[in-house]
Structures are given as C-alpha cells and as structure tokens.
1. Would you say residue 208 is within 22 Å of residue 89 (Cα to Cα) and assigned by TED's automatic domain parsing to the domain that holds residue 148?
2. Looking at (1) in a helix (DSSP H, G or I); (2) more than 21 Å from residue 89 (Cβ to Cβ), which one does residue 143 not meet, given that it meets all the others?
3. Considering every residue within region 130-150, establish whether at least one is more than 16 Å from residue 197 (Cβ to Cβ), without any contact (Cβ under 8 Å) to a residue 24 or more places away in the chain, in the same structural domain as residue 195 (by TED's automatic domain parsing) and crowded, with 16+ Cβ neighbours inside 10 Å.
4. All but one of (1) in contact with a helix residue (DSSP H, G or I) (Cβ under 9 Å, 6 or more places away or on another chain); (2) surrounded by 13 or more Cβ atoms within 10 Å (Cβ to Cβ); (3) touching a residue at least 40 places away in the same chain (Cβ under 8 Å) hold for residue 20, so report the exception by its number.
5. With the condition kept exactly as written, say whether any residue in region 198-205 is in contact with a helix residue (DSSP H, G or I) (Cβ under 8 Å, 6 or more places away or on another chain), under 21 Å from residue 90 (Cβ atoms) and part of a helix (DSSP H, G or I).
6. Among the residues of region 173-222, which ones are closer than 23 Å to residue 137 by Cα and surrounded by fewer than 18 Cβ atoms within 10 Å (Cβ to Cβ)?
7. Restricting to region 151-172, and then to whatever is part of a loop (DSSP other than H, G, I, E, B) and under 17 Å from the mean Cα position of the chain (by Cα), can you tell me which residue is surrounded by the most Cβ atoms within 10 Å (Cβ to Cβ)?
C-alpha cells in the first residue's frame with residue numbers, strides 16, 4: 001500500500017508542464033473553475049496523479065486513459081496490472097493512494113477553526129459517533145470531528161459508491177490517539193475493511209481505507225520536476 005503526499009502550490013511553469021499531460025476533458029474541467037488558484041490546484045492534482053501512475057506502469061503520463069463508474073469514481077481504462085488508486089486534496093495538500101487488487105480510498109482535510117463541527121456532526125454522523133464526540137473534552141472535539149470525517153470519507157471512497165452510502169449508517173472510531181477502526185457497517189461488512197490514520201502534519205487530518213487486512217503501508221513525498 002503506497003501513499004504519496006504532494007504540495008499543490010507549484011510555480012507557474014510546473015503547473016503549465018503538468019497541464020500539457022492532461023486530456024482534453026481534464027483541461028475542460030479545469031477551465032470551469034472560477035478562481036485561478038482552484039484551477040491550478042486541479043491541474044496539479046491531475047497532473048501529479050498521471051505522473052505517479054505513469055511511473056508504476058512505465059507509461060507516459062499523457063497516454064493514460066481513465067474510465068468512471070456511475071458515481072464518478074475514476075479508474076484506469078483496461079485495468080492495467082490491477083492497479084488501483086484514489087486521490088484526495090484539501091487546501092494546498094494532496095494524497096495519492098496506490099495499490100494492486102484491492103479497493104482503496106483516501107481522504108485529507110485541512111483542520112479549519114471556522115467549522116461548526118458539532119452542528120455538522122449531528123447532521124452527518126451516526127448517533128454513536130455524536131455521543132463519542134460530545135463525551136470528549138472540548139479541546140479534543142475539533143480534532144476528533146476531522147478524524148471521524150476523513151475516516152468516513154475514505155471508507156465511502158473505497159466502496160466507490162459516493163454518498164449513496166448514508167454517512168449515518170456506519171460507525172468509525174474518532175478519539176484522538178486511538179487507532180482508526182471501522183466499528184460497524186450496514187450489512188455487517190466491517191471485518192472486510194481496514195482503516196489507517198495518516199500523519200500529514202498538524203494542520204490536516206487524513207485517513208486511508210483498504211479492502212482486506214495484512215497489508216503494509218509505505219509513504220513518500222512526491223516532488224514535481
């Protein structure tokens with residue numbers, strides 16, 4: 001299980017070089033962003049993804065082709081070597097998770113002080129999770145909220161079914177300092193999946209969800225050339 005971490009704040013010349021590797025559809029999607037920073041971050045994320053996958057497949061990044069499931073989840077066309085991947089980015093940071101033969105999901109979120117976390121928790125978390133969150137000292141609740149949010153997002157991304165899976169219908173651990181665990185799911189599939197907290201720095205929370213157990217994790221920093 002490989003996770004690559006990359007900054008999306010790149011010099012203009014690097015962003016432009018990555019733009020040249022994107023498909024016509026990706027460039028069209030980039031042009032829809034209203035703000036230049038958002039456009040550049042999208043271009044950087046897609047371009048770095050192509051560079052990473054191209055490295056695994058020994059293929060030129062601009063030659064890669066993607067397909068999308070009905071929920072918008074991307075995969076490599078033709079399923080070369082059973083390679084699976086998932087991407088998440090927040091603010092200026094992106095994570096790229098890569099493996100073979102397993103479903104995988106990753107999520108990263110910037111821990112923002114302006115988030116009304118108790119209100120959002122009551123709206124999107126399960127009753128068990130809300131109770132666990134509110135039982136914590138107030139100084140731990142914001143971190144716990146983002147722990148819960150990223151773990152839930154990573155899991156539904158690994159399932160590849162988007163928000164068709166209601167967030168309230170499964171439980172994850174959230175207490176800071178305790179292991180990331182999928183506690184329960186609808187249909188009792190919790191044992192099929194494993195969660196891992198990812199350390200990306202004090203200003204972010206991140207999580208990885210993987211089908212199966214017994215895997216090893218390696219993490220690297222991706223440097224754009």
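The values are calculated or read from the model by the stated rules, or taken from the named source; none is laboratory data. Bear in mind the structure is a predicted one, so any value in this text is a computation, not a measurement. Positions of Cβ are backbone-derived with ideal geometry, glycine not excepted, and every protein chain shown enters the neighbour counts.
1. Values: within 22 Å of residue 89 (Cα to Cα): yes; assigned by TED's automatic domain parsing to the domain that holds residue 148: yes.
So residue 208 passes the test.
2. Residue 143 satisfies every listed condition except (2).
3. Yes, region 130-150 contains at least one residue that is more than 16 Å from residue 197 (Cβ to Cβ), without any contact (Cβ under 8 Å) to a residue 24 or more places away in the chain, in the same structural domain as residue 195 (by TED's automatic domain parsing) and crowded, with 16+ Cβ neighbours inside 10 Å.
4. In the conditions (1) in contact with a helix residue (DSSP H, G or I) (Cβ under 9 Å, 6 or more places away or on another chain); (2) surrounded by 13 or more Cβ atoms within 10 Å (Cβ to Cβ); (3) touching a residue at least 40 places away in the same chain (Cβ under 8 Å), residue 20 misses (2) alone.
5. No, region 198-205 contains no residue that is in contact with a helix residue (DSSP H, G or I) (Cβ under 8 Å, 6 or more places away or on another chain), under 21 Å from residue 90 (Cβ atoms) and part of a helix (DSSP H, G or I).
6. 175, 176, 177, 178, 179, 181, 183, 199, 201, 202, 203
7. So in region 151-172, the residues part of a loop (DSSP other than H, G, I, E, B) come out as 160-161, 165-166, 170.
Within this subset, residues satisfying the condition of being under 17 Å from the mean Cα position of the chain (by Cα) are 160-161, 165.
Numbers: 160: 20, 161: 13, 165: 18.
The extreme case among them is 160.
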